[in-house]
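What follows is a single structure, written as structure tokens, with notes after it.
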Amino acid sequence: MLNSLRPYLTKFLEPLASRLNINPNIVTIISPFIAIISAIFFASGNLIGGALFILFSGFLDVVDGAVARYHDRASPFGAFLDSTMDRFADAIIFIGIIYGGYCDWLVGVLAIHSAITVSYVRARAESQGVECNIGIAERAVRMIILMLGAVLAVIFNSNIIFTYFIYILVILSYITVGQRILHVWKALNGPRAPKQRRLN
């Protein structure tokens, strides 16, 4: 969904990337620690602090890629590390949200599970040679939903608003899983689909 914005983001981040001649993996590794700060804010009842550090974590998540591309340091391991750290960050943030009492533990677990599953489906699809960066709730969209819910909850002084946004996020995440599974099914079972042995 946000792929159409990538050229604009690249143009915006290039000046910054040109000044950050460092190993992009270092930036990648920092991101989960920023997510920990976000989780601490959520756990302590500070929604604005939690939202701001989600934004900061997301910013670092795009900066590492920009640095890697600008300095020609992109690598398969870098992509692997980035995806792995994103999953850590997702889980850490929701642990903070659960601890803060903004949603039932089961809803929080479903939020973590759905986020991991969205990523897993894409990774498994691409291992089968199917590009699968589709769906209404990619990671950036999920983080925007969380930030928006937190800000609106503060504006209207009602934590239940944030809780409703978490419910919406879980639903949209599982819809995204369904969209990706359907996309892969069509790609692997269409008239031009390659014959492949099924793997468990």
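The values are calculated or read from the model by the stated rules, or taken from the named source; none is laboratory data. All values reported here derive from a predicted model rather than from experimental measurement. Using ideal geometry, Cβ is built from the backbone for each residue, glycine included, and neighbour counts are taken over all protein chains shown.
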Is it the case that some residue within region 98-109 is under 21 Å from S38 (Cβ atoms), under 12 Å from the mean Cα position of the chain (by Cα) and of a type in the set (V, I, T)?
no
Checked region 64-81 for anything surrounded by fewer than 20 Cβ atoms within 10 Å (Cβ to Cβ) and assigned to a helix (DSSP H, G or I); matches are R69, P76, F77, G78, A79, F80, L81
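Residues I54, I48, I34: which one is closer than 30 Å to C103 by Cβ, of a type in the set (A, V, I, L, M) and surrounded by fewer than 17 Cβ atoms within 10 Å (Cβ to Cβ)?
On the way: I54 fails: surrounded by fewer than 17 Cβ atoms within 10 Å (Cβ to Cβ); I34 fails: surrounded by fewer than 17 Cβ atoms within 10 Å (Cβ to Cβ).
Only one candidate passes the filter, namely I48.
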Please go through (1) farther than 27 Å from F59 by Cα; (2) modelled with pLDDT under 95; (3) part of a helix (DSSP H, G or I) for V141 and return the number of the only condition it doesn't satisfy.
(1)
What are the residues in region 97-144 that are of a type in the set (D, E) and in contact (Cβ under 8 Å) with a residue 60 or more places away in the chain, if any?
E138
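Say we look at region 128-138 and pick out the residues that are under 14 Å from the mean Cα position of the chain (by Cα) and surrounded by fewer than 17 Cβ atoms within 10 Å (Cβ to Cβ); which of these is modelled with the highest pLDDT? Quick ask: steps written out before the conclusion?
The first filter runs over region 128-138 and keeps only residues under 14 Å from the mean Cα position of the chain (by Cα), leaving 133-138.
Of the ones still in play, those that are also surrounded by fewer than 17 Cβ atoms within 10 Å (Cβ to Cβ) are 133-134, 136.
Numbers: N133: 89, I134: 91, I136: 94.
Per the criteria, the residue is I136.
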Pairs returned, first residue in region 43-65 that is over 19 Å from I30 (Cβ atoms), second residue that is outside any helix (DSSP H, G or I), beta-carbon separation under 8 angstrom, 6 or more apart or interchain, are A43/G100; S44/G100; G45/G100
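Please determine, by comparing only the residues of region 110-127 that are hydrophobic (A, V, I, L, M, F, W, C) and buried (at least 22 other Cβ atoms within 10 Å of the Cβ), which one is nearest to the chain's Cα centre (by Cα).
Looking at the filtered set, the residue picked out is A115.
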